[in-house]
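Where a number appears in this text, it was derived from the coordinates with a stated rule and is not lab data. A quick note: this is a predicted structure, and the numbers were derived from the prediction, not measured. So basically every Cβ, Gly included, is an ideal-geometry build from the backbone, and we count neighbours across all protein chains shown.
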Amino acid sequence: MEEIAPGFRFYPTEEELVSFYLRSQLELEKLETINRVIPPVQIYQFEPWQLPKQCGELCQGDTEQWFFFVPKKENEARRGRPNRTTATGYWKATGSPSHVHAADGKSIGVKRSMVFYKGKAGSGRKTKWKMNEYTAIVQDSNTTVPKLRDEMSLCRVYIVSGSLRAFDRRPTTPGETSRGKINIAVENGTEVLHVSRDENSGDKNRSIGETSNQLLECNKENGGYEDMMFGLENLLELEWE
């Protein structure tokens, strides 16, 4: 295995995971390179704490998250129910499946979130291990109806931590987040962040004062633009919930 440069981390967006890595695996393209980053692994044959050692050779140094291609088992291919149990516990779905969207708003995949419980179903103990499972949506050349390619999924296994590092990071351009746009203005000698957010019910606009200024000052001192933006995104979630 070649030596990895210090500081290297595999840190893709959800769009990149689905549109490039998962689609390439499904189409059997660039496999030699891709499998060095995301290997095919039957993850349910392992406990979650054993999975970091099974990750791709280019991601061996990551201590937060690990990625795997997971082939569908034969019984699942016959429309059987997925079996997500391990020797010591089970993965339990949380919430409802959601869509992964491309930059143009097109739905390109489905995301399911899970938590690992140690013990038997119904009486298991919740752990810090979580997982996102992604399946691709592709356009069938023989029909206009999109098709779910679920013969192979891509799973991100991670540990819940206090890190502010956002996984599906936005913005893609300065001043824009996945939930809205942020502009800095000076009002009465004070920097104020104006946040706008598009929703189905219409645009929402809000000014965030002292709290956001504190984030801004913290950013100036530490030079952490992405940390500031992620902090603002968390603030937006709280403000609009």
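If you scan segment 128-145, which residues turn out to be touching a residue at least 24 places away in the same chain (Cβ under 8 Å) and surrounded by fewer than 17 Cβ atoms within 10 Å (Cβ to Cβ)? Once the filter is applied, which keeps residues that are touching a residue at least 24 places away in the same chain (Cβ under 8 Å) and surrounded by fewer than 17 Cβ atoms within 10 Å (Cβ to Cβ), segment 128-145 yields Lys128, Val138. Across segment 106-125, a minimum of one residue is classified as over 17 Å from the mean Cα position of the chain (by Cα), surrounded by fewer than 13 Cβ atoms within 10 Å (Cβ to Cβ) and assigned to a strand (DSSP E or B).
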